[in-house]
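Undergrad: Starting off with a structure, shown below.
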Amino acid sequence: MTQDQKAAAVAEAAREVLAHGGPECLTDPKQVMRAMGRAYDLGATEDDVKAEMRSQRGA
């Protein structure tokens, strides 16, 4: 695992969570869970994903 792989997985997970739209479930929840799983498998934490979500929302 490289830091680049981890960063890419965190960015993907944050993007999927944001795209999902919360309770409205705008996308397939399994897609979100797979992205989160990949990020966690590469050593990311929930805080890593939350920070990236804040960054993407601000972009």
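Undergrad: Normalising by the residue count of the chain, find the relative contact order in percent from Cα pairs under 8 Å and 6+ residues apart.
TA: Numbers: 47 pairs, mean separation 27.3, N = 59.
RCO, the chain: 46 percent.
Undergrad: Percentage of Cα-Cα pair distances in the chain greater than 17 Å, rounded to whole percent?
TA: Details: 541 of 1711 pairs.
Beyond 17 Å sits 32 percent of the P(r) for the chain.
Undergrad: So, for the chain, what is the accessible surface per residue at a probe of 1.4 Å, expressed in square angstrom?
TA: Values: 3940 Å² over 59 residues.
Value returned for the chain: 67 Å² of accessible area per residue.
Undergrad: Also, quick follow-up: About its Cα centre, how strong a charge dipole does the chain have in debye, to the nearest 20, once Lys and Arg get +1 and Asp and Glu get -1 at the Cβ?
TA: Numbers: 8 positive and 10 negative charges, 14 e Å.
That gives a dipole near 60 debye.
Undergrad: Pop out the carbon and sulfur fraction of the accessible area of the chain as a percent, whole number, probe 1.4 Å.
TA: Values: 2140 of 3940 Å².
The computed percentage sits at 54.
Undergrad: Still on this structure, I have one more. Could you work out how far apart the two model spin labels at Asp47 and Asp28 are, taking each label as a point 7 Å from the Cα in the direction of the beta carbon, and quote it in nm?
TA: 3.3 nm
The values are calculated or read from the model by the stated rules, or taken from the named source; none is laboratory data. Note that the coordinates shown come from a computational prediction; the quantities given were computed from them, not determined experimentally. FYI the Cβ positions are ideal-geometry reconstructions off the backbone, even for glycines, and counts take in every protein chain you see. Remember, those area values only see protein heavy atoms, side chains included, never the ligands or the DNA or RNA. Shrake-Rupley method; radii C 1.70, N 1.55, O 1.52, S 1.80 Å.
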